[in-house]
Amino acid sequence: MKILLPAFSSIFTLFLLLTVTPLFADKTPVDQAPKKTPQKGPHQGRLLTDNDFAIELAIYERGIPPEFRVWVTDKGHSVNLHDVSLNITLTRLDGTQNEINFTPQKDFLRGDSLIYEPHSFVILVVAHYRDISHRWQYDSFEGRTKIHADLAKTLAIETAIAQPRILKKTISAYGKLTTHPENFREIRSRFEGTIKSVKVSLGQQVKKGQLLLTIKRNLGLELFKIRAPINGVIHHRNANSGEQTNNRILFTLIDDSILISELAIFPENQHKIALGNKVSLFLHGSNQPITGVITQIDTVTQANQSVIVRTQHNNNNNQLIAGRFIRGAIEIAEHKAPLAVKRSGLQSFRDLTVVFVKIGETYEVRMLQLGLITHDWAEVLSGLKPNAEYVSKNSYIIKADIEKSGASHDH
């Protein structure tokens, strides 16, 4: 159910991702010094200093929702936190700003707002202590990368808009394809005689009325012809020139333009099934389902306590083969999802399910809480704004570049 690049392109893309450091990031000029690792304080937070005044800023999330905590010192000594006024402004990729104020608690200042994922923003810190103002601003990005439009096009990265969608609730069932009982013919000779000629071969497609063979009667010695009673394929042949007919089956003719799916429904789902339910069949090696509706429900259970439901399917393109095992998704209800994304855009990031939003030429992770998941779509309960543009095809490229560049969850 995923839409991927052709195999060669995917392999080549992954080769580039693994060998270029990083593939899409803006390159640092050779004469520019590498970025210094931010200085850490005793609580493993980021240390910000202004002469003798210092604050240590950390996102604390041990057993609680993420929040800012700040420790303040002056000339290396702790200060009276009631003398400190502190405000932080977080500016996110889409321009959203979060204002956070602080109150003293024990030996630290505690932020008054939840820091929701992703923890990726420009941080502006303003502190006032003893009539002196201190100000710092720095980038704290995670799960973010930039890809120029021409390169994104070359890599076949596609996007979609997150919008409301009606999702189909389904149950899965397994079974096989069979021929339609009205499209099966066993052909015998009405009269005993000698087969003079056979005009068709095993596996041959024939039309209704087409000559199959000629027989010379034993009584009367006249010739008569047997023609195809329906369109179909010669599935079985037991006739050769010079043989006696002996009242045997000479041909089996099957019209496979219509096939029947027989799906087994077990007791826990039998009350959910009704005539007319839509069915989508999924064949090995194909992402495009074959659709139909339930036309028959058995009234007798099988040995394994399942009930067989049958669906008729057109097979004009000969994609279906009788006897093949199949998986079916039977629609049992509709669900109005306020927001949904394509499953092809979902990725795993830090053990969370995510998509990557696109703003300009920048891509950034969004951690999702999902609801109903269908074959092609996933309901989004939280983590993504309506009308957000997200990567719906080849999102693994974005994930690989972010992981390559080391944009980690570090505070």
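The values are calculated or read from the model by the stated rules, or taken from the named source; none is laboratory data. Nothing here was measured: the structure is a model prediction, and the numbers come from that model. Every residue, glycine as well, gets a Cβ built from its backbone with ideal geometry; the counts of neighbours run over all protein chains shown.
The set of residues in the range 125-160 being surrounded by 16 or more Cβ atoms within 10 Å (Cβ to Cβ), among the aliphatic types (A, V, I, L, M) and touching a Leu at 6+ places or on another chain (Cβ under 9 Å) consists of VAL125, ALA127, ILE147, LEU155, ALA156, ILE157. Out of curiosity, is ALA378 more than 9 Å from the chain's Cα centre (by Cα) and buried (at least 17 other Cβ atoms within 10 Å of the Cβ)? Considered against the rule, which asks whether it is more than 9 Å from the chain's Cα centre (by Cα) and buried (at least 17 other Cβ atoms within 10 Å of the Cβ), ALA378 comes out as no. From the list ALA156, ALA162, the one residue that fits, being touching a Pro at 6+ places or on another chain (Cβ under 7 Å), outside the structural domain of LEU223 (by TED's automatic domain parsing) and at pLDDT 95 or above, is ALA162. Close Cβ contacts (under 6 Å, 6 or more residues apart or on different chains) running from residues in the range 82-97 that are assigned by TED's automatic domain parsing to the domain that holds SER133 to residues that are in a strand (DSSP E or B) and aromatic (Phe, Trp, Tyr) comprise VAL84/TYR129; LEU86/PHE102; LEU90/PHE121; THR91/PHE121; ARG92/PHE121. Consider LYS199 carefully, then state whether it is within 20 Å of the chain's Cα centre (by Cα), touching a residue at least 12 places away in the same chain (Cβ under 8 Å) and within 30 Å of GLN319 (Cα to Cα). It is false that LYS199 is within 20 Å of the chain's Cα centre (by Cα), touching a residue at least 12 places away in the same chain (Cβ under 8 Å) and within 30 Å of GLN319 (Cα to Cα).
The C-beta contact set for the range 331-356 (first residue within 21 Å of GLU117 (Cβ to Cβ), second residue acidic (Asp, Glu) and in a helix (DSSP H, G or I), distance under 9 angstrom, 6+ apart or interchain) comprises PHE349/GLU403. Given the structure, is LEU81 crowded, with 18+ Cβ neighbours inside 10 Å, of a type outside the set (Gly, Ala, Ser) and over 26 Å from THR353 (Cβ atoms)? So LEU81 passes the test.
Here GLN302 does not fit the description of being out of contact with any Asp or Glu (no Cβ under 9 Å at 6 or more places or on another chain) and assigned to a strand (DSSP E or B). Taken as a whole, the range 222-229 holds at least one residue that is within 18 Å of HIS180 (Cβ to Cβ), out of contact with any Pro (no Cβ under 7 Å at 6 or more places or on another chain) and among the small types (Gly, Ala, Ser).
Mind counting the residues in the range 173-189 that are part of a strand (DSSP E or B), charged (D, E, K, R) and more than 30 Å from the chain's Cα centre (by Cα)? Total satisfying the criteria: 2.
Need at least 2 residues that are closer than 21 Å to ARG165 by Cβ and either of a type in the set (A, V, I, L, M, F, W, C) or touching a Leu at 6+ places or on another chain (Cβ under 6 Å) (or both) per element, so show me which strands (runs of 3 or more DSSP E) inside the range 315-411 make the cut, counting only ones lying wholly within it.
Once the strands (runs of 3 or more DSSP E) in the range 315-411 are filtered for at least 2 residues that are closer than 21 Å to ARG165 by Cβ and either of a type in the set (A, V, I, L, M, F, W, C) or touching a Leu at 6+ places or on another chain (Cβ under 6 Å) (or both), what remains is 325-342, 352-359, 362-367, 369-373, 377-382.
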